[in-house]
Every structure is written in structure tokens, then in C-alpha cells.
Amino acid sequence: MKEISPEACLLHTPFEKKDAYSALAMPVYNNVAFEFDTAEAMEEAFCGRTTDHAYSRITNPTVQYFEKRVQVMTGAQGVTALNSGMAAIANTLINIAGQSANIVTSPHLFGNTYSFLNRTLAGFGVEVRFCDLTDLLAVRKAVDNKTCGIFLEIITNPQQEVADLPALAAIGEERGVPLIADTTIVPFTTFRAKDFGVHIEIVSSTKYISGGATSLGGLILDYGTFDWSRSPILESWAADFGTQNAFTARLRREIHRNMGAYMTPQAAYMQSLGLETLNIRFARHAAVCKELAGRLREVEGIVSVNHTGLEDNPYHAISKAQFGDYPGAMLTFDLATREACFSFMNRLQLIRRATNLFDNKTLAIHPASTIYGIFTEEQRQSMDVSQKTIRLSVGLETADDLLEDIRQALK
Ligand SMILES: *Cc1c(COP(=O)(O)O)cnc(C)c1O
């Protein structure tokens, strides 16, 4: 057969073993433990010399099949599924950081990620260096020989700032520091992280991949492109498992196993199904979002619209170079005041008042009073989170449906 398309590859990803009943979809192996024929086979598996399943906190056939499908789609060397995006972030950073190490990042981060870095990790002696990642000189200054990673979100939420990924990757390569990107906002079917120098990709699969908010999940993708012998923490793992394999080796054999946040088989089943329609759903989400962003600018009461797909957006050129014509399905707009935002939220009839991104339904939220509600006004300002901003996660309705609801809610 000729080379088949990525879509066909994904759909027809083979199982590792033939199913006993010839099931066409990977069944949900909702069991905890796996039985061995002999003590010897058990020893081999527990010492990591065979890939037999032993216990579902560590590996599970249904979850592994989901990981395999992601691997087929992305070409990543190692894929690890976790039970939320936050678990993926926490596992990744704990895998590379240690006491007196530092992480260089932007203050423009998802609220829980900011809190994880600034409070949780800081409590274990990891320094977080917030800097403007769009200012390469500032990044060069912030990185030193204790830096264990440059971490960022590819389109920040809600500010929608876009940093130059190949330039940051180049600084990282030069200084022996991996580039770690949370790519949740643009799925890997559209944004090929490896081509832009990203070494480790993190995804909240709760969002597009779950197929309409069916389940929580997270993914860590290791492209095998970083030389981990340059990382003080992973140096010894690089010596034992290979310079390109150290990250996933330690993740799977120590951190992920010990933290116990593996994806559940039920979630893996749903998200595996979600992958099958990811491409077509994303195309629709993103096209409706872009159309809506353009048309919202004509709506009375809306002061400004922020979406990097708009040609006069300050990040348009770099966004187009990295993510193409359809940079995700999130947009924000500003109203005159915080009170106007609350009144708008309260009058919505079709659009739902809820957090989450890329549900099939369109969702609206006022970020300053919710996701960033527990921060002080000063902290919110340092993160550029404004009281006047509404965030929309655009679903699968039509732009006409959404515009009508927005217009009536602004009246
Ligand atoms: C939602 C989100 C997360 C956290 O993911 P969960 O699956 O909710 O834990 C992290 N980063 C970004 C950009 C997100 O949108």
C-alpha cells in the first residue's frame, strides 16, 4: 500500500496485542492489577526489563493505546498521559527541577500554573524567574547555569501574547536549557511543536482532545531532541539511559510513578475517541472563532477585540508563522467597565457562563474575578489581567448564533 494519510494512520493504529474478542475499539481495561505466570516474569516486569503491565498506576493497556495514538500523530519519542493538564505540568517541572534550580517563565500564565510555580514549587526551593519572553535580551539575562527550563504557553491566556519559539529554543540550546511549551491552545494536529524547537510539549487534553469536555486529562510529549547530559538533575539518568532518553526515563520510572497521577482508563477511552475527530472539530472551532473576532469589532459596546488571527493584532505575524491562519478558538474582548462585564455575563442566553476551553458549547468567563480572583489587584496587573475583559471559548455553534446572543446581552 502507498503511504497512508495521518488521519488514516491515527484511525487504524494497531493494538499492541490482538484483542481476545477482536474488539474494534480498544476496550476499557478498568482493572487495577495484572497477573503473571511466574515469579521470574514478575521480577522482569517490576524491574523494568519487560513492558508487561503490572499495576494501572504505572501502565494500563487502554491508556497506553491512547499514548500510542498521540505518538502516531505527533512523532514524539515518549508520550505520557496524566489525569489533568495540571498533573502534566507538575510532573514535567518536578522531573527537571530541584532545590536551588530556577525556571525562566513569563508572568502571563494560566492561573493555576502561576500558583504552582510561584507558591508550590517555590516552597521546595525552586526559584521562578518571571521575565518578558518576547524580549530575548531579558531572557538571555534571566538564564544562568542553574536554569533547568524555559517554560511558556504558546498563546498566553487571556493576554494572547506570542513569543518567538525558535529564538527561545536557540537560547536554550546554547545554554543547555530545554524549551518546555504548554500548547493547549492550538492542538498538535495544527501546531507541530518539534519543528519550532520545543523539546517538551505539555497539553491539557481536557480541552480539544477530550471531544467536548468529556473528561480531564493531560499529556507530556518528549521529542527526544534535548541532550539531557546538560541538565544537572538528569545528568545521571542520561548516563544510564542515553542523552535523549533521560527525561522520559526518569519521568516514567520515578516521578510519574511516585506522584500517582496517571490517566484513568475511562478517560483514555473517551480521549482516544476524541482524537479521531480532533482535526475536523478544531477546524470548525477555529474558523467560527476567527469569523466572530472580526465581526465583534463592529458591535456597539465592545471597546476592543483580542485574537491573534486578526490582521492588526500586534502578534499577528508571529502567530501566523507559528500557528497558521487559525490560531485557536479563544478570543477576548474588553467592555467599558467591570460592571458592564458582569451585566453582560448575567444577560447571556445561549453562551454558557463557565470556565474550561474548547467545549463544543461556547463558554464565557470574566477571568479577573474567577481564575484570577484570589490574586491581589497588583498581582493581576503584573499579569495583565484586566477587570474589563471577557474571555470566550468558541464552540461549534455558528458565528450568527453567537453574535445575536452577544448583541442582546450588551443592550
Ligand atoms: C486548562 C489549562 C491547563 C490546566 O489543565 P487541566 O486539564 O484543567 O488541569 C493548563 N494550561 C492551559 C493553557 C489550560 O488552558
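Couple of notes before you dig in:
- Some residue of the stretch 108-117 being at pLDDT 95 or above, in contact with a strand residue (DSSP E or B) (Cβ under 9 Å, 6 or more places away or on another chain), closer than 24 Å to A238 by Cα and among the aliphatic types (A, V, I, L, M): no
- Among the candidates T189, T156, residue that is surrounded by fewer than 22 Cβ atoms within 10 Å (Cβ to Cβ) and closer than 18 Å to L357 by Cβ: T189
- No other residue among R250, R257 is surrounded by 21 or more Cβ atoms within 10 Å (Cβ to Cβ) and assigned to a helix (DSSP H, G or I) apart from R250.
- Residue in the stretch 88-95 that is of a type in the set (G, A, S) and away from the ligand (no atom under 16 Å from the Cβ) present: no
- The residue that is most open to solvent (accessible area, probe 1.4 Å), among those in the stretch 192-218 that are more than 10 Å from the ligand (Cβ to nearest atom) and outside any loop (DSSP other than H, G, I, E, B), is D195.
- Taking the stretch 192-229 as the range and being under 12 Å from the mean Cα position of the chain (by Cα) and of a type in the set (F, W, Y) as the test, only Y208 passes.
- Filtered residues of the stretch 173-186 (kept if farther than 19 Å from M86 by Cα and buried (at least 24 other Cβ atoms within 10 Å of the Cβ)): V177, P178
- When the residues of the stretch 151-174 are filtered to those that are more than 16 Å from the ligand (Cβ to nearest atom) and either touching a strand residue (DSSP E or B) at 6+ places or on another chain (Cβ under 7 Å) or without any contact (Cβ under 8 Å) to a residue 12 or more places away in the chain (or both), the one that is farthest from S231 (Cα to Cα) is L168.
- Any hit, the stretch 215-235, residues being closer than 28 Å to T62 by Cα and without any contact (Cβ under 8 Å) to a residue 40 or more places away in the chain: yes
- Helices (runs of 4 or more DSSP H) contained entirely in the stretch 294-411, each with at least 1 residues that are of a type outside the set (S, T, Y), surrounded by 15 or more Cβ atoms within 10 Å (Cβ to Cβ) and out of contact with any helix residue (DSSP H, G or I) (no Cβ under 7 Å at 6 or more places or on another chain): 316-323, 338-347, 399-410
The values are calculated or read from the model by the stated rules, or taken from the named source; none is laboratory data. Predicted model, so just to flag it, every value in this text is computed and none were measured. Note: ideal-geometry Cβ built from the backbone for every residue, glycine included; neighbour counts use all protein chains shown. With ligands, DNA and RNA removed, areas are computed over all heavy atoms of the protein, side chains included. Shrake-Rupley method; radii C 1.70, N 1.55, O 1.52, S 1.80 Å.
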